[in-house]
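**Q** Can you read through this structure? Questions will come right after.
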Amino acid sequence: MHRDSRQVYTEWLVLAAQAGDERAFRDLYGLWTADLQRLARVRVEHAQHAEEVMQDALVAIARGLGRLDDPARFPAWAMRIVERRGADWVRRRQLERHRRDLLASAPPPDAIAAAPRHDLQHLREVIDRLTPDDRQLLHLFYHQGLSVGEVAEVLGVPAGTVKSRLFHTREKLRTHLERNPS
């Protein structure tokens, strides 16, 4: 690693900030803010939204700085935090767009009310036969409208596990509905 004066100063500021020096943290943020903001702007492509990402990242950096073992790793570590916060922001916006699109394409409420009562009742009965874990998963994702990441946080499992469980639960429903039409 090339250790120029900026890198050495960064390491010193990290150590001082970890020791509780608030001014060192402000100086560290000031030293790296332009680079971190550029990364956020590239990720979210809008200055106002990049500022939201930066605020989120700054909080995460401040909270996690004490756990950074190697002060020389600060630039990559901080940029990784900004990148992750930016990716989270993009995912949330995609999810919001997806939900808006679903709502726009959903049948009007009167069409749902006109659906045969026995079809809705049959679906409720099938869902009631699922395991409590499967019912909870469906409730959080579909009824509460939580994202996969939010469901994962609530259930204390990885997001991949939530995706897998959702897939298998939907398959159980589909199979049962195909075998036992109303």
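**Q** Please give the number of the condition residue 110 fails out of (1) at pLDDT below 85; (2) in contact with a Gly (Cβ under 8 Å, 6 or more places away or on another chain).
**A** If we test residue 110 against (1) at pLDDT below 85; (2) in contact with a Gly (Cβ under 8 Å, 6 or more places away or on another chain), just (2) comes out false.
**Q** Report those helices (runs of 4 or more DSSP H) wholly inside the range 114-182 carrying at least 1 residues which are within 19 Å of the chain's Cα centre (by Cα), modelled with pLDDT of 85 or more and under 21 Å from residue 98 (Cβ atoms). Spell out the reasoning first.
**A** Working: elements: 117-128, 132-138, 148-155, 159-179.
Once the helices (runs of 4 or more DSSP H) in the range 114-182 are filtered for at least 1 residues that are within 19 Å of the chain's Cα centre (by Cα), modelled with pLDDT of 85 or more and under 21 Å from residue 98 (Cβ atoms), what remains is 132-138, 148-155, 159-179.
**Q** So, in the range 23-69, how many residues would count as being without any contact (Cβ under 8 Å) to a residue 40 or more places away in the chain, within 17 Å of residue 79 (Cβ to Cβ), buried (at least 17 other Cβ atoms within 10 Å of the Cβ) and among the charged types (D, E, K, R)?
**A** 2
**Q** What number of residues within the range 64-96 are farther than 17 Å from residue 150 by Cα and in a helix (DSSP H, G or I)?
**A** 17
**Q** Assuming residue 91 fulfils every condition listed in (1) at pLDDT below 95; (2) closer than 26 Å to residue 19 by Cα apart from one, which condition is it?
**A** Going through the list (1) at pLDDT below 95; (2) closer than 26 Å to residue 19 by Cα, residue 91 breaks only (2).
**Q** Next question, about the same structure. Please go through the range 116-132 and give me each residue that is more than 18 Å from residue 175 (Cβ to Cβ) and not hydrophobic (A, V, I, L, M, F, W, C), ordered by number.
**A** Initially, the range 116-132 is screened for residues more than 18 Å from residue 175 (Cβ to Cβ), giving 116-118, 120-121, 132.
Answer for the range 116-132, where residues must be more than 18 Å from residue 175 (Cβ to Cβ) and not hydrophobic (A, V, I, L, M, F, W, C): 116, 117, 118, 121, 132.
The values are calculated or read from the model by the stated rules, or taken from the named source; none is laboratory data. Predicted model only: the values in this text are computed from it and were never measured. Here the Cβ is made from the backbone with ideal geometry for all residues, glycine too, and neighbour counts use every protein chain on show.
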